[in-house]
1. Residues being surrounded by fewer than 17 Cβ atoms within 10 Å (Cβ to Cβ) and either of a type in the set (A, V, I, L, M) or under 29 Å from Gly306 (Cβ atoms) (or both): count how many of those fall in segment 536-559.
2. Any idea which residue in segment 412-433 is farthest from the chain's Cα centre (by Cα), counting only those that are within 18 Å of Thr139 (Cα to Cα) and in contact (Cβ under 8 Å) with a residue 60 or more places away in the chain?
3. Regarding segment 241-263, can at least one residue be identified that is at pLDDT below 95, more than 25 Å from Ile815 (Cα to Cα), in contact with a helix residue (DSSP H, G or I) (Cβ under 7 Å, 6 or more places away or on another chain) and not in a helix (DSSP H, G or I)?
4. For segment 189-203, which positions are small (Gly, Ala, Ser) and either at pLDDT below 95 or open to solvent by less than 10 Å² (accessible area, probe 1.4 Å) (or both)?
5. How many residues are open to solvent by 40 Å² or more (accessible area, probe 1.4 Å) and among the hydrophobic types (A, V, I, L, M, F, W, C) if we restrict to segment 796-822?
6. For Arg186, indicate whether it is basic (Lys, Arg), assigned to a helix (DSSP H, G or I) and open to solvent by 30 Å² or more (accessible area, probe 1.4 Å).
7. Name the single residue, out of those in segment 863-879 being of a type in the set (Val, Ile, Thr) and assigned to a strand (DSSP E or B), that is surrounded by the fewest Cβ atoms within 10 Å (Cβ to Cβ).
8. Kindly list the number of the only condition in (1) modelled with pLDDT of 95 or more; (2) out of contact with any Pro (no Cβ under 9 Å at 6 or more places or on another chain) that fails for Gly459.
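The values are calculated or read from the model by the stated rules, or taken from the named source; none is laboratory data. Fair warning: this is a prediction, and the values are worked out from it, not measured in the lab. Neighbour counts are summed over all protein chains in view; Cβ atoms, including those assigned to glycine, are modelled from backbone coordinates with ideal geometry. Keep in mind that these areas ignore ligands, DNA and RNA; they rest on the heavy atoms of the full protein, side chains included. Shrake-Rupley method; radii C 1.70, N 1.55, O 1.52, S 1.80 Å.
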Amino acid sequence: MKNCLLLVACIIITNYGYAQANPPYKDPKLSINERVKDLLSRMTIEEKFWQMFMIAGNMDAGDSAKYKNGIFGFQVSAGSKGGNAAGQILSYSSAENALSLVRKINTMQKYFVEKSRLGIPIIPFDEALHGLVRDGATTFPQAIALAATWDTSLMARVAGAIATEAKIRGIRQVLSPVINIASDVRWGRTEETYGEDPYLTSAMGVAFVSPFEKMGIITTPKHFIANVGDGGRDSYPIHFNERILDEIYFPPFIACIKSGGSRSVMTAYNSLDGSPSTANDWLLNKKLKGDWRFGGFVISDAAATGGANVLHFTAKDYPDAAMQSVNNGLDVIFQTDYNHYKLFIPHFIDGGIDIKKIDDAVSRILKVKFELGLFEDPYVGEEDVLKESKGTTHKVLAKEAAVKSIVLLKNDHNILPLKKNIRSIAVIGPDAVEGRLGGYSGPGNGKVTILEGIKKRAGDNIKISYAEGCGRKDEQWKVISPDYLSSGTEEKTGKGLRGEYYNNITLTGTPVVIRIDKEVNFHWTLFSPDQKINNDFYSVRWTGKLRAPKNGNLKIGLDGNDGYRLYVNNVLLIDRWVKQTYSTQLKDFVFVKDRMYDIRIEFYEPVGSDADIKLIWNFGVENNYNKKIEEAVTVARNSDVTIIVAGIEEGEFRDRAMLNLPGRQEELIHKIAATGKPVMVMLVGGSAITMNSWLNNVDAVLDVWYPGEEGGNAIADILFGDTDPAGRLPVTFPLSEAQLPLVYNHKPTGRGDDYNNLSGLPLFPFGFGLSYTSFEYNGLELLNNNIAKTDSAFITFQLKNTGRREGDEVVQLYIRDLLASVARPVMELKGFRRIHLLPGEVKEVKFTLTPAVFEMPDKDLKTVVEPGDFRIMIGSSSRDIRLKTTLTIL
């Protein structure tokens, strides 16, 4: 009996030990909800905080103790020459080193799975807007270019390729796509979007996220919500009512979540109706998690959680910002550095943050980690990387996407495709050789520039001549480098100037900071020059010596927010002491080479926002551009045809006030057009460009966007007629910035669209694009002109290629509600097809219009289908309607 009792006791102890070693959350046979509940019950508040904290960086050797409580995940920096979300440049040498990324992720994962107390795995994440931001990964055309294909099946294949390249490298979450509506093309991030239309953006967004989610990679549509404001400025405060959010800005997010399966959402930097998007209870709790029943997790944009403190001034400090954000629906704080955790953790520890909100956030994160299978299979197999064909697998697809994205905007006298008798081509402009890929890009994998693509396709029978012409910047001055500056009285160079910083705007009293500034080239926005200096009320005096680089006259001066003065040899040369605007002031001064001149700069800032000051001169830039333009004109004059490759400057926090080609590119176009030779302009960029001053002087215009690593080959195919261009504009091109914002789907005006001195119509409308062939629309049939609210409408018509070449037509279907209880848009895109036809070929095109097509928010913002007449319009752009009919909903 004693032995029997001993055996029972041993069994009980053994089972207890097994249960402790294998708690319920590690049992894959249990439901995910059961596993989450069990794991959550075992976590300390510190462990919960760290599941809500993600960073751009690594856990390097010797750091393990810092991560004893775990972490959400890392943007591991072992693999990219591109920029990450924080704008940091990451190092990664070659495609083969994708294997080193896998090994690094596995090593980090091993620590968290085997060494941390609870063994919670991490989520490695990255950017993948139009290709994974890693060396060796394929760079596809920029997002706006992918939207210009109007081809969702192509988008799905591109997304599948990116997802494959991400997963074999161990990436399990991508901070993509950008599904904001580009409502104002001055916005610098228009290039990252799918354009101005909610229907097209939704379709492209779903096509992008679906392959990732099916492959077990979390997608993160961003930025929630509406992060372009007045003047097309990034992250500007938004004061939209709920109706416009429901009609325009919410639909792509709803589509990506409900149809695409996105399991994460990233908030925007801007405020919405006075509350930061990152801490907006109505936006995150009531709409996203409440009305939409979103079951995933919400992350902040990089460093945006503290925005309530340092940007919007709705939180007293960083701990308060964290408390407001989590209580109002944020689940994950995204920062750029490990040590930032100290800013946000206090109110987790002291109970300031509602524990129910913390538990809800952590449960959402753990749920997704269980769904990804990370607890059972946390590591990445090296064999998949070894099988990869060194980055060449998806180059064919990259070229196809680029070809399909190119938009032909003008083609007088059918100058394109290039004629077979052409023997010489001039290619002008640095964008022809730079191969720019656009924002949030990796370095590209075997990138082919425009010039390289043209040369390769032209072969030996056509002479290709290149000239730089002029770039995108009209560089008339440079910041004076430390090589010509010294502090004190010693006649030495390279030391910079002595800066004395005062906590007043009068340069009086004792400086609170004295330091040597190597050059005067400052842009102070959120913070003052030093922690000891007032953020919004300070002045600076710089003194020292300037060594003259040459004999003769130079222009010297200051660039920045005025409230500045410049003295040379104690003579007041520039005086802009009244705060008024931003200006560039240059004055002539006769220098003697190598002589030392006393220099004194005085500057004050009484407001503390966007303080700029630069010491500048024109040394090194005199007459440089005139020479390059004349060289380009000579090359053009000696060639049969000229291709000018012109580009714009844009990007995150790089909005454009003017939409014309920057620098002296328009002057270049005029001078080359004056030669009388055929001229075509190729536009490189991700947004609209005004071209009134030169459009009538050139024969053809192609918008090639940022065409990706195979862009050069794709462009050559279009130029030489190997493929027909069929890209269509996903944004409206205005005649002038004065028309902005200008979108096709606006609501009816109180009177008219025009100005007294300018048309209200665009230069190129939404959906516009020319072809090398022509198409005819005929035989529109509506199966039933009268349907019930719950029924679908079926539409057919015939599309014929009436030209001599095969090509694609992008058929677009728009509707207009002819009478509604609230004002509705003048037209709305509700369907599109990209259709390939041989010469003379006819295809029947079908559209099914489900009840969802006719849904609208009524006066009470309830989604309804109202009875009445709807105009059905089918055409080649929003301004080129070929067929119309009327459908009645009973």
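1. Result for segment 536-559: 2.
2. Among residues in segment 412-433 that are within 18 Å of Thr139 (Cα to Cα) and in contact (Cβ under 8 Å) with a residue 60 or more places away in the chain, the one farthest from the chain's Cα centre (by Cα) is Ala432.
3. No.
4. Hit for segment 189-203 is Gly195, nothing else.
5. Matching residues across segment 796-822 total 2.
6. Taking the combined requirement at face value, the residue does not satisfy it.
7. Out of the qualifying residues, it is Thr863.
8. Gly459 satisfies every listed condition except (1).
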